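Asks: Okay, here's the structure, questions in a sec.
The values are calculated or read from the model by the stated rules, or taken from the named source; none is laboratory data. Not measured: the values here are computed from a predicted model. Cβ placement follows ideal geometry from the backbone for every residue including glycine, while neighbour counts extend to all protein chains displayed.
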Amino acid sequence: MALLVNSTALGENTWLRVFFGVSALNFTLRASVPLILGAMSGILCERTGIINIGIEGMMLAGAFAAFVAKTSTNHWPLMNSLLFGVAIALAVGGAMGWLHALFSIRYRMDQIISGTVLIILAAGISAYLFDRNAVAEGKFGAIPLPGLSQIPVLGEVLFTNPPLTYATLVLVVVIHIALFYTKWGLRSRACGEHPRAADTVGINVNRFRYINTIIGGMLAGLAGGFLVLEAVGQFQEGMTAGRGFISLAAMIFGNWMPFGAMGAAMLFGYTQALQNELLLAGVTTVPRQFVSMIPYVVTIIAVSGFVGRVRPPAAEGKVYETEGGSE
Amino acid sequence: MRSPGGSQLNTSATPVLEVRNVTKIFPGVVANEDVNLHLHQGEILALLGENGAGKSTLMNIIFGLYHPTHGEILVNGQPVRMKTPRDAIKLGIGMVHQHFQLVPVMTVTDNIMLGDESVKTRLLDRRAVAARIRELSQRYSLEVDPDGVIEDLPVGVRQRVEILKALYRNANILILDEPTAVLTPQEIDGLFRVMQTLREQGKSIIFITHKLKEVLHIADRIMVLRGGRVVGEADPKRATQQQLASMMVGREVILTVEKGPAHPQEVVLDVQGLQATSDLGEPALRGVSFQVRAGEIVGVAGVQGNGQTELVEVITGLRKADAGRIQIGGADMTNASPRRITHGGKSSHVPEDRHAYGMVDSYSVADNLVLNQYYLPPFARAATIQQDAIAEHARALVEKFDVRTPSIYTHGGSLSGGNQQKMVVAREFSRPIRLLIAAQPTRGIDVGSIEFIHNQIVAKRDEGVAVLLVSAELDEIMALSDRIAVMYKGEIIDIVDRADATREGLGLLMAGVKHEPVQ
C-alpha cells in the first residue's frame, strides 16, 4: 500500500498520503526507536525475573546525561562529541540499572517501588541540574546506506536513517538471537521462569539478574540518548513524556518477545505519526486534543485487550534466596 | 555383562558412596546424628523415615547443598568435599527432587541441557543435545519427546525428564526424593520398571520414601531413619510392613483401622442425577446419584480422572452443576455458594489439593485454622478480628490434633506435608458438622499422620457425621468405608457394601467391567 501511494497516482489523495506517505512512515520509525529500545530494556530485565517499571526514569537519566555530555564537549569535533554523549547515556543508564538491581536483589525492595523511585529520582535530579541556557550544538544526521537507499520508498524509509536508528534495528535481531539461541539467553530465561531450577544446575541466579538489569538500564539510557542526540537535539524537562511506560506496554503487547515488542512499538509509533500527519495536513475538523489522544488510546486498548492473553515470565518480581540460606 | 538384579552384588567391593559418622547441626537442632551409610554399585537402597526424620538433610549433604558438621563422605573410596551441587554433579551424583526443578515453558531439550549446554559457534546446539537425549532414553527405556514442552507433559513424563537430566550429566548415583508422592499407580509401576533398568545397567539408586509397600517391592536393602539417626536396616525379603512402620514411628503402629459396625441414620447428603463439565469442557459427571447417611462412611473409588474431583467440587460449591440436584440435610444446595454449603449445610471439606484450596501457605498456622469461621464470633466482633480468640483456638487445636509446629505463628507453608494436612483436618473437624467431605485426605503424608487422620475420620462417623471419602488409594477406601461407590467415566458404576467388596471385584469395576448379579 505504502509503495503504491508513494509511487503512483494514488498519492494524489490527501487521506492516503496522511496514512501512508513517506513522511508518515519516517515519523513512525523515529517515534518508534525509543519505544523499541525501552521495550528491549524491559525484556532483558523481566526475562531474568526483575520487573522494570523504571524504564521511564532510566530513559530520562540517559537523555539528561547525554545532553550534559554533549553541551560540555561542544568544542570537540561533532562526531566525537555525539559519540561521547552516547557513551555517557549508556553509562548512566547502566548505573540506573545497577541501582535497580541493588535495591531489588540486595535490599529485597519491592521492584515496583524501586522502579518508581528511579523515575522520581531521574525527574528530580534532571530538573534540578538542568541549565536552561545550555545549548547542544548539532545532532546525528542521516547516513544513506549506499545502494540500498536508492530503492524507491523503502530506501527512503529504512535505509536513510541516522546511526542510532540502525543500531536499534540491529539490536532487536541481536537480542532475539541472544535470548533464544545462546547459553546466556537460555540461562537468563531460566532465572526468570524457575530460579530454583537454575540454581540446582549451578547457575548463579542473582548474578544473571544483576548483569541483565544493568544491560537493560543501558538500553533505556540509549533511548534517552537517542531523544537528545538524534531526534530533538536538545533536552527538555520531562522530555521522555511517558515513553518509558509506552515501552512497557509494547513489551507486554509483544509478549516479552523482541520482534513482538518491536511490532507493538511500531504500532504505537505509527499512531504518533498519524496524530502528527493529521494535524499537519489539516484534513479533519475534529478538535486537535482528540487527535492528540490517539497514541494513548491505542496503547490502552492494545494493552487492556491483550493483557490476559500474554504470559509474563513466571518468577518476575520475586526475590530469589539460595537454597542453603533459606532452609 | 552384569547379571540382572543387583541383589547378587559383591558386597566386598568398594561402595560407590559411603557416608561416615555424619552429623549435621543446625542452630538449635541436630538434624543428623552420627549417620553411616554405604551404597554399592547396582543397588537400590531405600531410605525410609517419617517427615522430619532427617532424610532430606542427609540427601542435601550428599548433594552438596549442606555441609556436614562432622564426618566425611567417600565416593568410590575417595574422601570428597562438596561445596555446591556442581561438585556433586561432577562426582556423578544426580538428584531427582520431589518438586521437579523444570522450567514449565521450555522444551525437554532446553531443560536437560540447562547449565551444561552444548554449543556450536557460540549458538546452542539443540540438535546434538536432542540426539543425546534420544540415545539415553532408549538405553534406559525412559520414553520422552525431546521437543515436548514441559507444561504439556504428564507428571510421570516430567519425572523421566528429571532422571534424564541426571543421566545427561553422567550420574552414576541417583537420589530419588519421594518420587512416588505425585504419581498415579500406573505411573509408579512405570517408574519401578525404569529403576530396575537403571539397576541392571549398573547405576546405584537411593530411593527416599515413606510408603512401606513400595519399599518392600523395589528395594535391595532398607535403611530406616528416625529423629536424625539410623535406627536400623532391614532386608525386604524378610521384613513386613508392620515391622518397618514400627521402626519408622518408634512405637507399634496399627496399619489397619479399628472400627466398629456403622449405625446409619437419616440421609444427610442426597445427590440425584448430577451432571457437570470438566475444565476442558468435556462432560465430567454424567448423571451421578447416591446418598450418604449420618453415621456411615461412603468411599468413592476409581482411577483418577473419572470425575471424582469434579464430583467433590460440585458438592462443595466450587463447580457449577449443569443438571441434577444436591440436598444437604433436606435443604437444596444445588449451585449454592461454598459458604452457604459449609455454614448453612454444616459441612466440612478436606480438599484434595491442600495448597490450592485447603490453606494459605503464607498465613500463620493460627490464621489458617480459622479460615472457615474467622467472620463468626468469637473470632470477629463487628469488623475487627479478635487475635486473642484466634490464638487460643489455635493452641487448643494444635494440641488436640498433634500439629507439630514451632509456634502457632509459623507460616503454614513451612510445615511438613503431614502437619499441613493435620492442620487442615483440625480446622475442618473442629466445628459442629453433619457432613464431612474428605478428598485424598492422606495423599503424600507420613504413616504416623495417616493413622491419626484415619482414626479422626472414623471418630467423626461414630459421632453421627455423614462421611464422603474420595481416595485414589484402594487400601484407604477398603480400610475406612462402610459402602463403596466406584466411579467410571463420570458415572457411579456400582455401589457395594464393604462386607461384599473384594479388591478384585473393585478393580474390575474401576476398569468399567460390571457383572450383572446372577439370578
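Asks: Among the residues of region B:15-30, what is the count of those that are surrounded by fewer than 23 Cβ atoms within 10 Å (Cβ to Cβ) and in a strand (DSSP E or B)?
Replies: 11
Asks: Now, a different point. On the given criteria, is A:Met257 crowded, with 17+ Cβ neighbours inside 10 Å, more than 14 Å from chain B (Cβ to nearest Cβ), hydrophobic (A, V, I, L, M, F, W, C) and under 27 Å from A:Leu222 (Cβ atoms)? Spell out how you get there, then give the answer.
Replies: Numbers: crowded, with 17+ Cβ neighbours inside 10 Å: yes; more than 14 Å from chain B (Cβ to nearest Cβ): no; hydrophobic (A, V, I, L, M, F, W, C): yes; under 27 Å from A:Leu222 (Cβ atoms): yes.
It is false that A:Met257 is crowded, with 17+ Cβ neighbours inside 10 Å, more than 14 Å from chain B (Cβ to nearest Cβ), hydrophobic (A, V, I, L, M, F, W, C) and under 27 Å from A:Leu222 (Cβ atoms).
Asks: Related question: Considering region B:131-149 alone, what residues qualify as being within 14 Å of another protein chain (Cβ to nearest Cβ) and crowded, with 20+ Cβ neighbours inside 10 Å? Don't jump to the end; show me each part of the working.
Replies: Quick first cut of region B:131-149, residues within 14 Å of another protein chain (Cβ to nearest Cβ) only: B:149.
Result: no residue meets the conditions.
Per-residue answers, yes or no, for (1) outside any loop (DSSP other than H, G, I, E, B); (2) surrounded by 14 or more Cβ atoms within 10 Å (Cβ to Cβ); (3) more than 14 Å from every other protein chain (Cβ to nearest Cβ); (4) touching a helix residue (DSSP H, G or I) at 6+ places or on another chain (Cβ under 7 Å):
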site	(1), (2), (3), (4)
A:Ile119	yes, yes, yes, yes
A:Tyr128	yes, no, yes, no
A:Ala136	no, yes, yes, yes
A:Lys139	no, yes, yes, yes
A:Ser149	yes, yes, yes, yes
A:Val157	yes, yes, yes, yes
A:Leu179	yes, yes, no, yes
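Asks: Given the conditions (1) out of contact with any Pro (no Cβ under 7 Å at 6 or more places or on another chain); (2) within 24 Å of A:Cys191 (Cβ to Cβ); (3) more than 10 Å from every other protein chain (Cβ to nearest Cβ); (4) without any contact (Cβ under 8 Å) to a residue 60 or more places away in the chain, report the number of the one that B:Gln78 does not fulfil.
Replies: It fails just one condition, (2).
Asks: Please work out which residue is farthest from B:Leu37 (Cα to Cα), limiting yourself to region B:89-103 and to residues that are outside any strand (DSSP E or B) and more than 10 Å from chain A (Cβ to nearest Cβ).
Replies: Step one: list which residues in region B:89-103 are outside any strand (DSSP E or B), which gives B:89-92, B:97-103.
Those still in the list that are more than 10 Å from chain A (Cβ to nearest Cβ) too: B:91-92, B:98.
Numbers: B:Leu91: 17, B:Gly92: 17, B:Gln98: 21 Å.
The qualifying residue farthest from B:Leu37 (Cα to Cα) is B:Gln98.
Asks: Any residue at all in region A:84-93 that's at pLDDT 95 or above and within 30 Å of B:Val119 (Cβ to Cβ)? Even if it seems obvious, please write down each step before you answer.
Replies: If we filter region A:84-93 for residues that are at pLDDT 95 or above, which is where we start, we get A:84-93.
Next cut, within 30 Å of B:Val119 (Cβ to Cβ) only: A:90, A:93.
Looking for residues that are at pLDDT 95 or above and within 30 Å of B:Val119 (Cβ to Cβ), one finds at least one in region A:84-93, hence yes.
Asks: Looking at this structure, is A:Arg196 among the charged types (D, E, K, R), under 23 Å from the mean Cα position of the chain (by Cα) and over 21 Å from A:Gly93 (Cα atoms)?
Replies: Details: among the charged types (D, E, K, R): yes; under 23 Å from the mean Cα position of the chain (by Cα): no; over 21 Å from A:Gly93 (Cα atoms): yes.
Answer is no for this residue.
Asks: Going residue by residue through region B:112-125, is there one that turns out to be closer than 22 Å to B:Leu176 by Cα, within 8 Å of another protein chain (Cβ to nearest Cβ) and not in a loop (DSSP other than H, G, I, E, B)?
Replies: First pass over region B:112-125, keeping only residues closer than 22 Å to B:Leu176 by Cα: B:112-116.
Then drop every residue that is not within 8 Å of another protein chain (Cβ to nearest Cβ), which leaves B:113-116.
The next check asks that each one be not in a loop (DSSP other than H, G, I, E, B); those that pass are B:113.
Yes; the residues of region B:112-125 include at least one that is closer than 22 Å to B:Leu176 by Cα, within 8 Å of another protein chain (Cβ to nearest Cβ) and not in a loop (DSSP other than H, G, I, E, B).
Asks: Just to check your reading of the model, which residue among A:Pro312, A:Pro295 is at pLDDT below 90, under 18 Å from the mean Cα position of the chain (by Cα) and either surrounded by 16 or more Cβ atoms within 10 Å (Cβ to Cβ) or part of a helix (DSSP H, G or I) (or both)? I'd like the intermediate steps shown before the answer.
Replies: On the way: A:Pro312 fails: under 18 Å from the mean Cα position of the chain (by Cα).
Only one candidate passes the filter, namely A:Pro295.
Asks: Of the conditions (1) modelled with pLDDT of 85 or more; (2) over 22 Å from the mean Cα position of the chain (by Cα), B:Glu252 clears all except one; give me its number.
Replies: Checking B:Glu252 against (1) modelled with pLDDT of 85 or more; (2) over 22 Å from the mean Cα position of the chain (by Cα), the one that fails is (1).
Asks: Run A:Ala95 past the list (1) surrounded by 22 or more Cβ atoms within 10 Å (Cβ to Cβ); (2) assigned to a helix (DSSP H, G or I) and report the number of the one that doesn't hold.
Replies: All conditions pass for A:Ala95, except number (1).
Asks: Please indicate, with yes or no, whether at least one residue in region B:331-348 is closer than 23 Å to B:Ile390 by Cα, touching a helix residue (DSSP H, G or I) at 6+ places or on another chain (Cβ under 7 Å) and not in a loop (DSSP other than H, G, I, E, B).
Replies: Looking for residues that are closer than 23 Å to B:Ile390 by Cα, touching a helix residue (DSSP H, G or I) at 6+ places or on another chain (Cβ under 7 Å) and not in a loop (DSSP other than H, G, I, E, B), one finds at least one in region B:331-348, hence yes.
Asks: Moving on to the next point. Name the single residue that is surrounded by the most Cβ atoms within 10 Å (Cβ to Cβ) among those in region B:152-180 being of a type in the set (Lys, Arg) and in a helix (DSSP H, G or I).
Replies: Keep residues of region B:152-180 that are of a type in the set (Lys, Arg), which gives B:158, B:160, B:165, B:169.
If we keep only those that are in a helix (DSSP H, G or I) too, we end up with B:158, B:160, B:165.
Values: B:Arg158: 19, B:Arg160: 23, B:Lys165: 27.
Going through the qualifying residues, I end up with B:Lys165.
Asks: Here's a follow-up. Among the residues of region B:238-247, are any of a type in the set (Ser, Thr, Tyr), in a loop (DSSP other than H, G, I, E, B) and in the same structural domain as B:Asp497 (by TED's automatic domain parsing)? Please lay out each step first, then the result.
Replies: Just the residues of region B:238-247 that are of a type in the set (Ser, Thr, Tyr), to begin with: B:240, B:246.
Still in the running and in a loop (DSSP other than H, G, I, E, B): B:240.
Next, only the ones that are in the same structural domain as B:Asp497 (by TED's automatic domain parsing) stay: none.
No, region B:238-247 contains no residue that is of a type in the set (Ser, Thr, Tyr), in a loop (DSSP other than H, G, I, E, B) and in the same structural domain as B:Asp497 (by TED's automatic domain parsing).
Asks: Here are the criteria: (1) in a helix (DSSP H, G or I); (2) modelled with pLDDT under 90. Tell me which single one B:Asn372 does not satisfy.
Replies: Going through (1) in a helix (DSSP H, G or I); (2) modelled with pLDDT under 90 one by one, B:Asn372 breaks only (1).
Asks: Within region B:218-237, how many residues are of a type in the set (Asp, Glu) and either surrounded by 20 or more Cβ atoms within 10 Å (Cβ to Cβ) or assigned to a loop (DSSP other than H, G, I, E, B) (or both)? Step through it out loud before you land on a result.
Replies: Keep residues of region B:218-237 that are of a type in the set (Asp, Glu), which gives B:220, B:233, B:235.
In the following step, the residues that additionally are either surrounded by 20 or more Cβ atoms within 10 Å (Cβ to Cβ) or assigned to a loop (DSSP other than H, G, I, E, B) (or both) were identified as B:220, B:235.
Looking only at that region, the number is 2.
Asks: Return the residue satisfying two criteria in turn: it lies in region A:199-212 and is surrounded by 18 or more Cβ atoms within 10 Å (Cβ to Cβ) and more than 7 Å from chain B (Cβ to nearest Cβ), and of such residues it is farthest from A:Ile50 (Cα to Cα).
Replies: Per the stated criteria, the residue is A:Asp199.
Asks: Report the residue count in region B:429-482 for those that are touching an Asp or Glu at 6+ places or on another chain (Cβ under 6 Å) and under 27 Å from B:Leu508 (Cβ atoms).
Replies: Residues that pass the stated criteria total 3.
Asks: Moving on. So if I check each of B:Arg443, B:Arg431, B:Arg427, which one is assigned to a loop (DSSP other than H, G, I, E, B), over 24 Å from B:Gln98 (Cβ atoms) and of a type in the set (Lys, Arg)? Break it down stepwise before answering.
Replies: Working: B:Arg443 fails: over 24 Å from B:Gln98 (Cβ atoms); B:Arg427 fails: assigned to a loop (DSSP other than H, G, I, E, B).
Criteria check complete, one pass: B:Arg431.
Table: residues versus (1) over 29 Å from B:Arg404 (Cα atoms); (2) not in a strand (DSSP E or B).
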site	(1), (2)
B:Phe452	no, yes
B:Asn455	no, yes
B:Ala479	no, yes
B:Ile493	yes, no
B:Leu508	yes, yes
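Asks: Taking the conditions exactly as written (under 30 Å from B:Leu435 (Cα atoms), within 23 Å of the chain's Cα centre (by Cα) and among the hydrophobic types (A, V, I, L, M, F, W, C)), does B:Leu153 satisfy them or not? Break it down stepwise before answering.
Replies: Working: under 30 Å from B:Leu435 (Cα atoms): no; within 23 Å of the chain's Cα centre (by Cα): yes; among the hydrophobic types (A, V, I, L, M, F, W, C): yes.
No: the conditions fail for B:Leu153.
Asks: I would also like to ask the following. Looking at the structure I just gave you, is B:Gly302 crowded, with 23+ Cβ neighbours inside 10 Å, outside the structural domain of B:Leu212 (by TED's automatic domain parsing) and modelled with pLDDT under 90?
Replies: Here the answer is yes, as B:Gly302 does meet what is asked.
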